[in-house]
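Here's the structure we're looking at; comments come further down.
The values are calculated or read from the model by the stated rules, or taken from the named source; none is laboratory data. This is a predicted model, so every value here is computed, not measured. Methodologically, a virtual Cβ is constructed for each residue, glycine included, from the backbone with ideal geometry; neighbour enumeration extends over all protein chains shown. These accessible areas exclude ligands, DNA and RNA; they are computed on the full protein's heavy atoms, side chains included. Shrake-Rupley method; radii C 1.70, N 1.55, O 1.52, S 1.80 Å.
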Amino acid sequence: RTEFTLKEIMSSGGAEDDIPQAERKTVTDFCYLLDKSKQLFNGLRDLPQYGQKQWQSYFGRTFDVYTKLWKFQQQHRQVLDNRYGLKRWQIGEIASKIGQLYYHYYLRTSETSYLNEAFSFYSAIRQRSYYSQVNKEDRPELVVKKLRYYARFIVVCLLLNKMDVVKDLVKELSDEIEDYTHRFNTEDQVEWNLVLQEVAAFIEADPVMVLNDDNTIVITSNRLSETGAPLLEQGMIVGQLALADALIIGNCNNQVKFSELTIDMFRMLQALEREPMNLASQMNKPGMQESTEKPARRENPHKYLLYKPTFSQLYTFLAASFKELPANSVLLIYLSATGVFPSGRSDSEGPYDFGGVLTNSNRDIINGDAIHKRNQSYKEMHCLHPGDLYPFTRKPLFIIVDSSNSVAYKNFTNLFGQPLVCLLSPTAYPKALQDQSQRGSLFTLFLNNPLMAFLFVSGLSSMRRGLWEKCQDYLRKINRDIAQLLTHSRSIDQSFLQFFGDEFLRLLLTRFIFCSATMRMHKIFRETRNYPETYPQLPRDETVENPHLQKHILELASILDVRNVFLENTLDDY
């Protein structure tokens, strides 16, 4: 039993009557706050996961109680030690819950500053060794609390790119798991070892290492920085739309994942966030603005992260995003998923005739396959078809599909005349390119960290920091030139330009063109299915096959001494 009744607590500290009234009240108040905080925290599970308004007041109340509880135990520590028998691991539990609250606040708002707050509470637990005495108590459920704390701390550190801390935590967690399984001989040993394997694979997913002079690894961040997106120059005519909401969906079989984030989801979510700033607050309650105050412009687009959703889950979140999308705003849908191909031959070429990408099925797949074999005329059920997205094209929609059947989405029709763009990955990569699919898709890597992807396709696996920074500078110049190519193009579809006013979408579009141009010039990318595509089509000669851009790519290859990997005179080869 973790908690005792007030009577038991008081009597254990000596004769009940000897306890001063003030101290008795302190313990009563603490028990009340502790109980209230647990009720509110458990209630968070019942809040709907979608919709941006309903949860805020409940979160605010929960923060309120935890703020009071945290300050209360600091102010009355001695009385609580003597009369309540407050253990250090119980203080750790309170700090851990506050860390979880901040993390969930980040998930709900996409504001990276809340990750820093979660990090500071999780760090305090470790620095002050709140959980150190847990191992002395013969209670496996307490040790599990400690292990879960480690797993949560690792997720926050991964999201903040604190890889050096992650490595320390993994080592500590590994020792804790060994001690736990040795002492209690529990059944969940396999699960905890799997957690360790997952995080180890996650850390090693990047195909290229950037090294300092002393051979330590440089931690590179891929969030949007001040100098990240190419600036709009005077005279560039672009739309005023802003990216407000994004659905990031991961449903690839066999891809590295940790918690409920595949490596592709992890990379894409960072491409849609700015570098975090430290909040100047110490336990300031997020989301508690006075109704008279106008909320500040939201720095990051709001995101939903959906790991292996079923069709109905995906559609529910999509409908919620669509419903709450503000005026002049864009909804982005990112699909990283296994391709689903049509099972039968179809005479028509409609939006349900080309397959799509996999949605999760809660049922036995074998059963589903049997149904298809009986009747080839039915469409694939556990699949997001291009036609499924048609209703949502009533508002500006920006779609990225990273899949072996991404081309299904080339057969889109813009029914409502709203801005609509699909960026589609290659459907296959050259055999000669070492298969990296388990460690994340090459296409998504280009959208998240184009230089790393360029180094990988050039056969490089490590690089000195000085050269990396020189190449990054050159890549910024390439991005500026791509932005000019797009805005000066005479024949480009207006949808591209309508999205170009938003920094995040501008960066994704310029990186996409860099990716496509690189693959088209690469000696081993020789089949059409090796190239990314778009809907609507881009004018190739003005963008992905533009001689000026090709010259830049060869120049970047020269800086890296890998020019031999690319075709010198690509124009003659088409």
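Annotations for the structure displayed:
- Note on CYS31 and ALA200: their simple-model spin labels are 4.7 nm apart, each label 7 Å out from Cα toward Cβ.
- Helix 503-521 vs. the chain, principal-axis angle (Cα, 0 to 90°, nearest 10): 50 degrees
- Here the Kirkwood formula puts the hydrodynamic radius of segment 19-210 at 18.3 Å, using every distinct Cα pair.
- Overall, the accessible surface of the chain at a probe of 1.4 angstrom is composed of carbon and sulfur to the extent of 49 percent.
- Entry for segment 380-458 at q = 0.19, 0.21, 0.26 Å⁻¹: log10 I(q)/I(0) = -0.88, -0.98, -1.23, Debye formula applied to identical alpha-carbon scatterers, no solvent contribution.
- Projected label distance in nm at SER312 and LEU415, using a 7 Å step from Cα toward the beta-carbon: 2.3 nm
- Separation of the ASP164 and GLU469 label points, Cα + 7 Å toward Cβ, nm: 1.6 nm
- Residues of type aspartates and glutamates that LYS25 reaches as a straight line, Cα spacing below 19 Å, ignoring anything fewer than 8 places off in the same chain: GLU3, GLU8, GLU16, ASP17, ASP35, ASP81
- Taking 27 Å as the straight-line reach from the Cα of LYS171, the lysines in range (excluding those fewer than 8 positions away in the same chain) are LYS87, LYS97, LYS136, LYS145, LYS146, LYS162, LYS257.
- Bridging of LYS523 to lysines at a Cα separation below 22 Å is possible for LYS431, LYS551, once same-chain residues fewer than 8 apart are set aside.
- Residues whose amide H falls under 5 Å from that of THR310, counting only those 5 or more places apart or on a different chain, are ASN360, with hydrogens built in the peptide plane.
- When Rg and the Kirkwood Rh are both derived from Cα coordinates, the Rg/Rh ratio for the chain amounts to 1.02.
- In segment 458-544, the trypsin sites (Lys or Arg not before Pro) that fall in loop regions by DSSP, at most 15 other Cβ within 10 Å: ARG490, LYS523, ARG526
- Net charge, ARG529 excluded, C-beta distance under 15 Å - Lys, Arg +1, Asp, Glu -1: +1
- Length-normalised contact order for the chain - Cα pairs under 8 Å, 6+ apart - percent: 14 percent
- Computed from Cα positions, the angle between helix 365-374 and the longest principal axis of the chain comes to roughly 40 degrees.
- On a per residue basis, segment 431-488 carries 43 Å² of accessible surface, using protein heavy atoms and a 1.4 Å probe.
- For the chain, the longest principal axis of the alpha carbon atoms and the long axis of helix 113-127 meet at an angle near 50°.
- Between LYS551 and HIS382, the FRET efficiency from the beta-carbon distance, with R0 = 45 Å, is close to 0.45.
- In the chain, helices alone account for a calculated mean residue ellipticity at 222 nm of -14500 deg cm²/dmol, with every DSSP H run of four or more residues adding -39,500 (n - 2.57).
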